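Every number here is computed from the coordinates shown, using simple stated rules; none is lab data. Quick caveat: nothing in here was measured; it's all calculated off a predicted structure. A quick note on method: Cβ atoms are made from the backbone with ideal geometry, for glycine too, and the neighbour counts reach across all protein chains shown.
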Amino acid sequence: MSGALRNADLHLHTTASDGGYPPKELVLKCKDVGLQYIAITDHDTVAGVSEAIREGEKHGITVIPGIEFSTKESGVSVHILGYGIDINDVAFLQMLNEQQIMRKKRMQEMVSKFSKLNIELKEAEILKEADGGSIGRPHVAKVLVRMGVVKDVAEAFDLYLGEGKPCYVKKQREMTPLEALDWIKATKGVAIIAHPVYYNLDEKIMEWVGTGLLHGIEVYHRDHDLEVQKHYEQLTTKIESNLDLSLLRTGGSDFHHEDYGRVPEPLGMTRVENELAVQLIERINSFQ
Ligand code: AMP
Ligand code: ZN
Ligand code: FE
Ligand code: FE
């Protein structure tokens, strides 16, 4: 398939969560690097989606509405992507709003933990950093960098914010993967397991597909090297033949901003074939 176009990126973050660019700017950047199909997948919010769709329409870029749910399965963080969800569903928006309130309280608890270590974080600065979006540890980390407490975001997680570190605050209640899958179903979305290399839950993935609620695997991701890719291509094929159904394969850069990630990379480096986006859109349409 050497002639296949590879101008799709189905995993992108904006300032609606912890990304570095507002939706409109991000879409313009996508245009600059020649992307034709993109999806906005902010953490636990769809607040960036409408603006991105509008901007995409101006430039002939297809923008798929999405979300990335943070969930916990037996103590392991699992991210679930939802595509084509109804971003105007009232019950869904209310549930997301409750998550935002919970995130704000959690941030306040982190601030008081820092205070006990004589590191005086200003809540207002963290709020400013989050810019009205979904508040998370990355925002706290960036403020710590600006204050000179740590040299970079990675160090902030290593020393203070990572699980088990002195200023880590557990979320009051974490969704389970199945709850996230139920919400995606309730809003007529398509559910994909994000960057599976982070969790090693192949058996569980098969089980979730078996419930009919999980529709595919993010086989391609900037943190999936060729060997990992091959593993998930094979897992997808194996589940398809064991359960006699057809799964979606998706992928994307998980771009937040240029300096983000274990290995920072500019937008447009990790791309997937347009065909994968087209198949995703077809599946979304079949659920409407
Ligand atoms: P939260 O939802 O507030 O718990 O923050 C989770 C987010 O923090 C993840 O989605 C990542 O974007 C980021 N993150 C988690 N661990 C690290 C780390 N070790 N270094 C940098 N960013 C991280
Ligand atoms: Zn993130
Ligand atoms: Fe993720
Ligand atoms: Fe992500």
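Which order, highest average first, do 277-285, 71-79 follow once you tally other Cβ atoms within 10 Å for each residue and take the mean per peptide?
277-285, 71-79
For the stretch 56-82 and the stretch 1-52, compute the distance between their C-alpha centroids and round to whole Å.
If you average the Cα positions of each part, the centres end up 11 Å apart.
Give the average over all directions of the projected area of the C-alpha convex hull of the stretch 21-132, one decimal, in nm².
Its Cα hull, projected and averaged over all orientations, spans 9.0 nm².
Relative to the longest principal axis of the chain, what angle (0 to 90°, nearest 10) does the C-alpha long axis of helix 90-116 take?
Around 40 degrees separate the two axes.
Compute a Gaussian network model of the chain, connecting alpha carbons closer than 10 Å, and tell me which residue from Leu247, Leu81, Leu159 fluctuates the most.
Per the Cα network of the chain with a 10 Å cutoff, Leu159 tops the list.
I'm a student and want to see the number: the projected area of the Cα convex hull of the chain, averaged over all directions, in nm².
14.7 nm²
Binning at 10 Å from 0, report for the stretch 116-219 what percent of all alpha-carbon pair distances ends up in each bin.
It works out to 13, 32, 26, 23, 6, 0, in whole percents.
Using the crude model of +1 on Lys and Arg Cβ and -1 on Asp and Glu Cβ, and no other charge, please compute the dipole size for the chain relative to its Cα centre, in debye to 20.
Dipole about the Cα centre, nearest 20: 700 debye.
Averaged across orientations, what area in nm² does the convex hull of the alpha carbons in the stretch 184-288 project?
7.1 nm²
Output the 0 to 90 degree angle, nearest 10, between the alpha-carbon long axis of helix 177-186 and the longest principal axis computed from the alpha carbons of the chain.
60 degrees
Angle check, please: helix 49-59 long axis (alpha carbons) against the longest principal axis of the chain (alpha carbons), in degrees 0 to 90, nearest 10.
60 degrees
Pairs Lys113/Lys185; Lys116/Lys151; Lys24/Lys170; Lys58/Lys128: which are spaced more than 27 Å apart, C-alpha to C-alpha?
Among Lys113/Lys185; Lys116/Lys151; Lys24/Lys170; Lys58/Lys128, the Cα-Cα distance tops 27 Å for Lys113/Lys185; Lys24/Lys170; Lys58/Lys128.
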